[in-house]
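Taking it in order: structure first as structure tokens, then the write-up.
FYI, it's all coordinate maths here, none of it is from the lab. Everything numeric in this text was worked out from a predicted model, so none of it was measured. Don't worry about glycine lacking a Cβ; one is built from the backbone with ideal geometry, like all the others, and counts go over all protein chains shown.
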Amino acid sequence: MSYQQPGPYPAFPQYPGGAAVVPPKPPLPQTVLRAYYCILAGAVLSVVSIVTALTEINTIRGVLETGDPTADQSTINSLVTAAIAVACVFGLIEVGLWIWMAFATKAGKNWARILSTVFFGLEAASTVIGALTYVASSSNGSSSTTFASSDTVLGQVVGWLTFLAGLGAIILLWNKESSAYFKPAAFYPVPGAYGYPGMPPGAAPYNYPVMPQQPQDAPRDPWGTPPNS
């Protein structure tokens with residue numbers, strides 16, 4: 001009686017979780033694209049606001065001279081230059097934030113949508129306060145004591161146009177059609193693909209060598225008739 005080689009060991013199922021894919025990002029909705037253009041329009045209006053502030057040099061000079069009649073001309077010129085520089089720096093920062101939010105929201109970043117809403121809230125508060133200050137100074141017949149570009153009719157028009165651009169962008173970004181675009185990508189396993197966690201499907205765990213299997217004869221009854229009898 002010859003000794004039979006043992007057959008191949010049964011293959012045990014592997015642990016699931018090795019393979020996962022990321023679904024493709026949905027196409028850019030028209031609502032997000034329109035919000036992108038609204039935000040860029042807000043950036044352009046911010047540039048116009050900077051130009052408006054630069055045209056108010058004489059107004060700023062008059063306010064300073066009225067506030068301190070004893071100040072000499074060199075001091076007045078230094079203060080005017082400082083006021084204009086501060087207005088330009090803050091205006092350029094605002095323009096940069098508009099452009100940053102435009103491209104970040106277009107890329108589908110949900111944090112950018114939330115941050116844009118916060119920035120719009122600050123912009124809306126500034127616009128309302130500027131309008132109330134302008135109305136109060138106009139009704140009293142007195143000139144404003146601030147250096148904001150919203151202290152003029154042109155400044156008020158630019159400020160409210162900027163507010164409307166931001167409002168339109170926020171409404172479009174929180175639209176139902178846009179919300180699906182800002183959802184984070186979900187990972188899901190490939191149907192029928194299994195493997196150890198962190199390993200590609202079909203890979204041998206721990207790089208164990210796979211021994212080749214020899215073909216086996218069919219099992220026979222050891223108590224039966226010898227093959228050469």
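Taking other C-beta atoms within 10 angstrom as a stand-in for reagent exposure, Ser49, Ser138, Ser116 fall in the order Ser138, Ser49, Ser116, fewest first. Karplus-derived 3J(HN,Hα) values for segment 35-40, using 6.51 cos²θ - 1.76 cosθ + 1.60 with θ = phi - 60°, are 4, 4, 5, 5, 5, 5 Hz; glycine and proline are entered as x.
Listed from fewest to most Cβ neighbours within 10 Å, the set Ser139, Ser126 follows the order Ser139, Ser126. Evaluated at q = 0.18 Å⁻¹, the base-10 log of the normalised Debye intensity for segment 27-179, with identical point scatterers placed on the Cα atoms, takes the values -1.00. Packing order of peptides 169-181, 25-37, highest average first: 169-181, 25-37 (average count of other Cβ atoms within 10 Å over each peptide's residues). Across segment 112-126, coupling constants 3J(HN,Hα) worked out from phi with the 6.51/-1.76/1.60 Karplus curve, θ = phi - 60°, read 5, 5, 5, 5, 4, 5, 5, 4, 5, x, 5, 5, 5, 4, 5 Hz, and Gly and Pro carry x. Taking only the Cα atoms of segment 75-116, the ratio Rg/Rh comes out at 1.32, with Rh defined as the Kirkwood radius.
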